[in-house]
Each structure stands twice: as C-alpha cells, then as structure tokens.
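See structure below.
The values are calculated or read from the model by the stated rules, or taken from the named source; none is laboratory data. All of these numbers come straight from a predicted model, not from anything done at the bench. Here the Cβ positions follow ideal geometry from the backbone for every residue, glycine too, while neighbour counts run over all protein chains shown.
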C-alpha cells in the first residue's frame, strides 16, 4: 500500500512539475534563436547578388519564426503603410487570408539590437502589456514572425512582427 501511494505521489509531482515549467518552452521550440544583425547582413548580401545577376527574377519573399534579444527604446509610432503592404504581400503568398493579419496590425516599436535601431510591428493585443512591463532601456527576448520581401524595383523589406516578448530580469 505504501509503495502504491509513493508511486502515485511521485507521479503527481512529475506531472505538476512538467506544467510548472516556463510557458515559453513551446515558444522557444517554435522560434529559432538567431543573431539578428547576421540575418539582416545575409539578406542584404543575398539581395545584392540577385540585383547584380539580371538572369534571376528580382522578386522573392520568405517567412521565418525567430527569437532574439533587443533593447526597448521606448518609442512607438503608427505602422508605416509600405511596411503594412509588404507584410500583406508576403502573408497572402505564404500563409493565407490577409484579413487575419490586418486585424493584428496598428503600431510599430523601436528596438536596438547590437547597436542597430530597428522598427518592428507589434501585435495589437501586446501593446498594453508592452507599455505595462517595459521601460526605456529594458532588454527583452522578442518572438517574431519574419517577413522578407525583395521587390521588382530592388526594394528589400525585412520585417519582424512581434508575436510575444519576455522582459529579461
């Protein structure tokens, strides 16, 4: 009897501890950790190579899910219409109905990564949490959907939509 009780108690302990782990472990699995500046440099280099080779069609796009650390600079502004349009272009070709994306977008937030300032759109439902949890100079891990678009006119967009964030302590 004591043995069965011990097995049940151990089972409950391990069951509960598996749920008490960080809720971000799933986010961490689904969003690859990257060096953002290296990714941006790679995308710029790739775009330059496409622009030099006139035999390759200049239009391309891609998406990815990434996480990285960034410093919150405390500035928020209305989402730029060109950024919105690029996101809609890529979303419609990669994911689906742009109406779903459009409902998520309103503002973009300024962050700094390795000395580089980057405006990033943030999902509407995260705006209040960002204001409540972050102050200028705070570091956060950002979980972002990356929209990459290189247009026929050789304009390159690398957009990181903030899907979640964790303030670093």
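Okay, here's what the table says:
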{"quantity": "Residue in the range 25-32 that is in a strand (DSSP E or B), farther than 29 Å from residue 154 by Cβ, within 13 Å of the chain's Cα centre (by Cα) and modelled with pLDDT under 95 present", "calculated": "no"}
{"quantity": "Residue under evaluation residue 68, criteria (1) under 26 Å from residue 133 (Cβ atoms); (2) touching a strand residue (DSSP E or B) at 6+ places or on another chain (Cβ under 8 Å); (3) modelled with pLDDT under 95, criterion not met", "calculated": "(3)"}
{"quantity": "Qualifying residue in the range 95-108 (condition: in contact with a strand residue (DSSP E or B) (Cβ under 6 Å, 6 or more places away or on another chain) and at pLDDT 95 or above)", "calculated": "yes"}
{"quantity": "Verdict on residue 139 being closer than 19 Å to residue 27 by Cβ and touching a helix residue (DSSP H, G or I) at 6+ places or on another chain (Cβ under 7 Å)", "calculated": "no"}
